[in-house]
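A.B. asks: Could you have a look at this structure, given as structure tokens, before my questions?
The values are calculated or read from the model by the stated rules, or taken from the named source; none is laboratory data. Since we're looking at a predicted model, the values are computed, not measured. Methodologically, a virtual Cβ is constructed for each residue, glycine included, from the backbone with ideal geometry; neighbour enumeration extends over all protein chains shown. Surface areas here come from the heavy atoms of the whole protein model, side chains and all, with no ligands, DNA or RNA. Shrake-Rupley method; radii C 1.70, N 1.55, O 1.52, S 1.80 Å.
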Amino acid sequence: MLTDEEIAGVDGTQSLELVGSPYLSNEGIDQRSAVASATRSLAARGMVTLDPEARDDEGAVLEGDGDPSKRTMQLSPVLAGVFLLRRSAAGFLTATRVLEDGTTTNSLYFTPDGTALEEFVTTDGLHLFSLLRRDAIADRLATYADPFNAASEDGEEQMMNRSELTPGFVLPDTRVATTFTAMHPGGGYAAYVYATGDAVHLIDAGAFDEDGPEDSQTLPMAAVSASTLREMLSAILDEVTPPGQPQP
């Protein structure tokens with residue numbers, strides 16, 4: 001578990017752009033002081049080493065040139081592993097969920113073998129990290145999007161105008177709204193899930209590339225069962241799983 005400030009202290013504030021920084025982004029927070037204090041806390045707990053004389057010369061520099069013993073800080077093995085996976089992901093998926101009590105984000109960084117580093121960001125800026133197998137992720141994301149088990153039966157598909165899907169859009173009686181965005185070097189895929197009091201509705205926004213979404217001006221929308229929701233999420237995961245890799 002790390003805070004917004006600890007991640008910014010190790011990897012810079014730009015590394016929080018995709019997953020969010022609920023605490024550090026609050027008005028009135030002195031970011032520079034908060035990040036400095038957090039880095040000092042990491043050092044006091046033995047998770048980073050700032051003193052050049054106390055650092056081990058272990059291995060080569062993974063990014064850029066230079067003597068590894070002269071880097072700005074040395075991370076503990078576990079911390080180094082987290083940041084390596086965050087930086088070197090072959091694919092990325094983020095799910096942002098809006099509930100009455102606030103917004104959380106669940107992000108996944110995929111390795112070449114299909115394993116994922118999960119980064120769950122709480123409403124108060126705590127980042128909880130876990131390693132997940134590929135075959136466990138769809139169920140986990142389905143529970144995240146439908147925490148009250150509202151999914152019932154598959155419904156008839158309807159079409160809606162893409163222009164209606166503006167920021168803040170929700171369906172009537174929505175209790176939970178989740179936006180899924182999958183990204184890989186060539187583009188990605190987006191979908192929206194709205195859990196109401198008695199159903200779960202899916203809007204499939206389709207694929208996109210560096211030029212934006214597909215040309216279609218309409219989007220399919222339908223109520224989905226729990227199994228269909230999991231199938232949809234599994235298909236989105238396939239979008240970001242590195243090509244040519246066997247699935248567990």
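A.B. asks: Check Ala235 against each of (1) assigned to a loop (DSSP other than H, G, I, E, B); (2) open to solvent by 40 Å² or more (accessible area, probe 1.4 Å); (3) of a type in the set (A, V, I, L, M) and name the one condition it does not meet.
C.D. replies: (1)
A.B. asks: Every residue in segment 173-187 that is over 17 Å from Asp146 (Cβ atoms), open to solvent by 30 Å² or more (accessible area, probe 1.4 Å) and modelled with pLDDT of 90 or more, please.
C.D. replies: Thr181
A.B. asks: So, in segment 5-60, of the ones that are more than 23 Å from Leu108 (Cα to Cα) and among the β-branched types (Val, Ile, Thr), which residue ends up modelled with the lowest pLDDT?
C.D. replies: Among residues in segment 5-60 that are more than 23 Å from Leu108 (Cα to Cα) and among the β-branched types (Val, Ile, Thr), the one modelled with the lowest pLDDT is Thr49.
A.B. asks: Can you pull out every residue in segment 23-50 that is closer than 12 Å to Val121 by Cβ and surrounded by fewer than 19 Cβ atoms within 10 Å (Cβ to Cβ)?
C.D. replies: Listed by number, the residues that qualify are Tyr23, Ser25.
A.B. asks: Does segment 163-172 contain at least one residue that is among the hydroxyl-bearing types (Ser, Thr, Tyr) and modelled with pLDDT under 95?
C.D. replies: Yes: one or more hits.
A.B. asks: Could I ask something else about it? Quick one: Met160 ticks every box in (1) within 30 Å of Val78 (Cβ to Cβ); (2) assigned to a strand (DSSP E or B) except a single one, so which number is it?
C.D. replies: With (1) within 30 Å of Val78 (Cβ to Cβ); (2) assigned to a strand (DSSP E or B) applied to Met160, the lone miss is (1).
A.B. asks: Let me ask you something else. Which condition number does Ala136 fail, the rest of (1) in contact with a strand residue (DSSP E or B) (Cβ under 7 Å, 6 or more places away or on another chain); (2) of a type in the set (A, V, I, L, M); (3) surrounded by fewer than 19 Cβ atoms within 10 Å (Cβ to Cβ) being met?
C.D. replies: It fails just one condition, (1).
A.B. asks: Looking only at residues in segment 188-206 that are among the small types (Gly, Ala, Ser) and not in a loop (DSSP other than H, G, I, E, B), which one is surrounded by the fewest Cβ atoms within 10 Å (Cβ to Cβ)?
C.D. replies: Gly206
A.B. asks: Then there's this: Return the total of residues in segment 139-154 being small (Gly, Ala, Ser) and surrounded by fewer than 15 Cβ atoms within 10 Å (Cβ to Cβ).
C.D. replies: Qualifying residue count, segment 139-154: 1.
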